[in-house]
Every structure is written in structure tokens, then in C-alpha cells.
Amino acid sequence: MTLPHALSLFSLLAALSAPPAPLDVLRDHAAAVHGVDPALLACIVEAESGGDPNAVGAAGEIGLMQILPETGALLAEHAGMNEYDLRNPAQNLWLGAYGLARWPQWWTTYPQCKGEE
């Protein structure tokens, strides 16, 4: 094996053994807490924000799950949360997974995610 191939193999092995990115951990935790398929949650995040936790939509949607402030307030109230921040990736994912678990019809507009359920 030549040196460049050995380095490529080493890089691949290192990448495969690397811990998940923090957003992946947050997403998977939110999915597990609410019994949502993490692949479905990942697909929706990709469709909504492209994985950008700072994304803001044209209609005022915020964060990874692109939650409208009014929807965030409804979800937070229903979940018994007094304080929340849709710009916080962990809270955005938590509220999005919470809503998805309780009202799955909210996210039926993503045909690319249908196979993820």
C-alpha cells in the first residue's frame, strides 16, 4: 500500500470513529425523548434549514426546525415550558420533536421524508 492510500484509509477510519457532531447529538436526543425517528427529524431539519441553526425564514420561522414564534409559543405552553428560545438549537429541536410526536400531520408536506418514518 502506498503512503497516500494509507493516509486515505487512516482518514476514513478516523472519520468513522469520530464522535457525532453536537447537532446530531441534540437531534438524536430530542428524537429519542419524544419517540420520533431520528432520520425523519434529520430529514425535516435538512429540508427546513439546511442544518443551519441560525436560519430565519421569510415568514419569520426560526432555527433548525424553522418554527414560527406563534407555533413555538403553542408548543412551549402545551409542554409546560415557561421559558424557551427558538434560536437555541437544543430547544428548537426539542420543541420540533415534541410537536412532531403529537401532531405528525404538521410535517406531511415533505415527500422526501416520507420513507424516513
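Out of 68, 40, which single residue is touching an Asp or Glu at 6+ places or on another chain (Cβ under 7 Å), at pLDDT 95 or above and either closer than 20 Å to residue 100 by Cβ or among the acidic types (Asp, Glu) (or both)?
Numbers: 40 fails: at pLDDT 95 or above.
68 is the lone residue from the list that is touching an Asp or Glu at 6+ places or on another chain (Cβ under 7 Å), at pLDDT 95 or above and either closer than 20 Å to residue 100 by Cβ or among the acidic types (Asp, Glu) (or both).
Which condition number in (1) farther than 15 Å from residue 23 by Cβ; (2) in contact with a strand residue (DSSP E or B) (Cβ under 9 Å, 6 or more places away or on another chain); (3) hydrophobic (A, V, I, L, M, F, W, C) is the one that residue 74 fails?
Of (1) farther than 15 Å from residue 23 by Cβ; (2) in contact with a strand residue (DSSP E or B) (Cβ under 9 Å, 6 or more places away or on another chain); (3) hydrophobic (A, V, I, L, M, F, W, C), only one is false for residue 74: (2).
Matching residues to (1) closer than 23 Å to residue 109 by Cα; (2) within 10 Å of the chain's Cα centre (by Cα); (3) surrounded by 13 or more Cβ atoms within 10 Å (Cβ to Cβ); (4) modelled with pLDDT under 95:
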residue: 15; (1), (2), (3), (4): no, no, no, yes
residue: 36; (1), (2), (3), (4): yes, no, yes, yes
residue: 56; (1), (2), (3), (4): yes, no, yes, no
residue: 59; (1), (2), (3), (4): yes, no, no, no
residue: 86; (1), (2), (3), (4): yes, no, yes, no
residue: 94; (1), (2), (3), (4): yes, yes, yes, no
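Keeping to region 38-54, report how many residues are buried (at least 20 other Cβ atoms within 10 Å of the Cβ) and of a type in the set (A, V, I, L, M).
First, pick out the residues of region 38-54 that are buried (at least 20 other Cβ atoms within 10 Å of the Cβ): 40-41, 44-45, 48-49.
From what's left, of a type in the set (A, V, I, L, M): 40-41, 44-45.
Total meeting the criteria: 4.
The values are calculated or read from the model by the stated rules, or taken from the named source; none is laboratory data. This one's a predicted model, so the numbers in the text were calculated from it and none came from an experiment. Backbone-built Cβ (ideal geometry, glycine too); neighbour counts: all protein chains shown.
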